[in-house]
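Student: Got a structure here, written out as structure tokens. Questions coming.
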Amino acid sequence: MPRKHHPEADSVALIRRALRLCPLMRHWPDDVLDEVVAVARLRRYDKRTPLMVGERSRREVLVVASGRLAVEGVDAAGVRFVLSLHGPGEILSLVRMLGNTRFVYHFVVQEGTVLVHLPGGAFMAVLDAHPALWRDVCMLVLVRLHEQIATQQRRALGHTANHVADALVRLALIHGKPIEGGQAVSLRISQGDLAAMVAVSRQTVNKELRTLEQMGVINAAYGRVTIHDLEALRQAAGG
């Protein structure tokens, strides 16, 4: 559940730092960032806190200051799915600035997390006051659209083994932490979340992870995957 607000002075400093970490706003002029900070609020959440559940029309943009947030939902058959995972500096739910639109997903905090909340209408007002900044938003949306199309193409052409490897590659590039003294990368991910991302059972994910282990590409432990050979994992993703 959400904890209480930070003291005001600390909140402003943390909000500004989080927004500067975000590639979208990293190079925005200080006066523009001041306008965004003025409409923002900072909240801290405990692990497993759900956000925007049952609020399909809530118009709010989120920026991760620290921690990790999952975008997920439940399909018509009652099966949980995970669309993506997001860490510090990432901006989520830009699409929620759209009016008269209902969304089937919500967010779940995966660890102690601090978020910057930007009311959609107020954030749009800042962009409208500085129209040139809409280009930055458009470019970010286009990059994400390209990534989604590329992922769908790989999923359509590949098999489950390719899908699991592909998900690990994408997650490692964004969330992986290099292990000191070598080329290995450590990735915190549960088999349940990985299964929900590729729409298969945990048993299937476990089987594919064991196959990758036997190839010497990864090592899977509880809640964590260590990738020893990222290039080999890329090749496994490509089939």
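Student: Has segment 161-180 got any residue that is among the polar types (S, T, N, Q), modelled with pLDDT of 90 or more and under 29 Å from T211 (Cα atoms)?
Tutor: Initially, segment 161-180 is screened for residues among the polar types (S, T, N, Q), giving 162.
If we keep only those that are modelled with pLDDT of 90 or more as well, we get 162.
Still in the running and under 29 Å from T211 (Cα atoms): 162.
Checked segment 161-180: at least one residue is among the polar types (S, T, N, Q), modelled with pLDDT of 90 or more and under 29 Å from T211 (Cα atoms).
Student: Still on this structure, please answer the following. Can you tell me which residues in segment 161-187 are closer than 18 Å to G216 by Cα and among the acidic types (D, E)?
Tutor: D166
Student: So how many residues does segment 109-126 have that are farther than 14 Å from V61 by Cβ and assigned to a helix (DSSP H, G or I)? Let's see the steps before the verdict.
Tutor: If we filter segment 109-126 for residues that are farther than 14 Å from V61 by Cβ, which is where we start, we get 109-114.
Right, trim to assigned to a helix (DSSP H, G or I) and you get none.
Within segment 109-126, residues that are farther than 14 Å from V61 by Cβ and assigned to a helix (DSSP H, G or I) number 0.
Student: Which of (1) closer than 23 Å to R135 by Cβ; (2) within 17 Å of the chain's Cα centre (by Cα) does G87 not meet, given it meets every other one?
Tutor: The failed condition is (1).
Student: To continue, here is another question. Which pairs do you get when a residue that is touching a residue at least 40 places away in the same chain (Cβ under 8 Å), found in segment 92-103, comes within reach of a residue that is assigned to a loop (DSSP other than H, G, I, E, B) and small (G, A, S), reach meaning Cβ atoms under 6 angstrom, with the pair 6+ apart or on two chains?
Tutor: Partner pairs satisfying both residue conditions: R102/S57.
Student: Mind checking which residues of segment 53-82 are assigned to a loop (DSSP other than H, G, I, E, B) and either surrounded by 17 or more Cβ atoms within 10 Å (Cβ to Cβ) or not assigned by TED's automatic domain parsing to the domain that holds L115 (or both)?
Tutor: First, pick out the residues of segment 53-82 that are assigned to a loop (DSSP other than H, G, I, E, B): 53-59, 67-68, 75-79.
The answer is R59, G67, R68.
Student: Let me ask something else about it. When R26 is evaluated against the numbered criteria (1) in contact with a Lys or Arg (Cβ under 8 Å, 6 or more places away or on another chain); (2) part of a loop (DSSP other than H, G, I, E, B); (3) in contact (Cβ under 8 Å) with a residue 12 or more places away in the chain, which criterion, by number, is the only one it fails?
Tutor: (3)
Student: Also, I was wondering about something else. Scan segment 168-181 and report the pairs whose first residue is touching a residue at least 40 places away in the same chain (Cβ under 8 Å) and surrounded by 13 or more Cβ atoms within 10 Å (Cβ to Cβ) and whose second residue is assigned to a helix (DSSP H, G or I) and small (G, A, S), with Cβ atoms within less than 8 Å and a gap of 6+ or a chain change.
Tutor: That search, which allows pairs on different chains as well, returns L168/A237; V169/A237.
Student: Select the helices (runs of 4 or more DSSP H) contained entirely in segment 127-239, then report the ones holding at least 3 residues which are within 30 Å of V39 (Cα to Cα) and out of contact with any strand residue (DSSP E or B) (no Cβ under 6 Å at 6 or more places or on another chain).
Tutor: On the way: elements: 134-157, 160-175, 191-198, 202-214, 230-238.
Ranges flagged: 134-157.
Student: Moving to a separate point now. As an exercise: evaluate I15 against (1) in a helix (DSSP H, G or I); (2) within 18 Å of the chain's Cα centre (by Cα); (3) surrounded by 18 or more Cβ atoms within 10 Å (Cβ to Cβ) and give the number of the one condition it does not meet.
Tutor: (2)
Student: Follow-up. Name, by its number, the condition in (1) over 27 Å from E90 (Cα atoms); (2) surrounded by 14 or more Cβ atoms within 10 Å (Cβ to Cβ); (3) of a type in the set (S, T, N, Q) that does not hold for Q203.
Tutor: (2)
Student: Of R96, R48, R135, which residue is surrounded by 14 or more Cβ atoms within 10 Å (Cβ to Cβ), out of contact with any Cys (no Cβ under 8 Å at 6 or more places or on another chain) and not polar (S, T, N, Q)? Reasoning before the result, please.
Tutor: Numbers: R48 fails: surrounded by 14 or more Cβ atoms within 10 Å (Cβ to Cβ); R135 fails: surrounded by 14 or more Cβ atoms within 10 Å (Cβ to Cβ).
Being surrounded by 14 or more Cβ atoms within 10 Å (Cβ to Cβ), out of contact with any Cys (no Cβ under 8 Å at 6 or more places or on another chain) and not polar (S, T, N, Q) holds for just one of R96, R48, R135, which is R96.
The values are calculated or read from the model by the stated rules, or taken from the named source; none is laboratory data. Remember, it's a predicted structure, so these values are computed and weren't measured experimentally. Neighbour counts run over all protein chains shown; Cβ positions are idealised from the backbone, glycine included.
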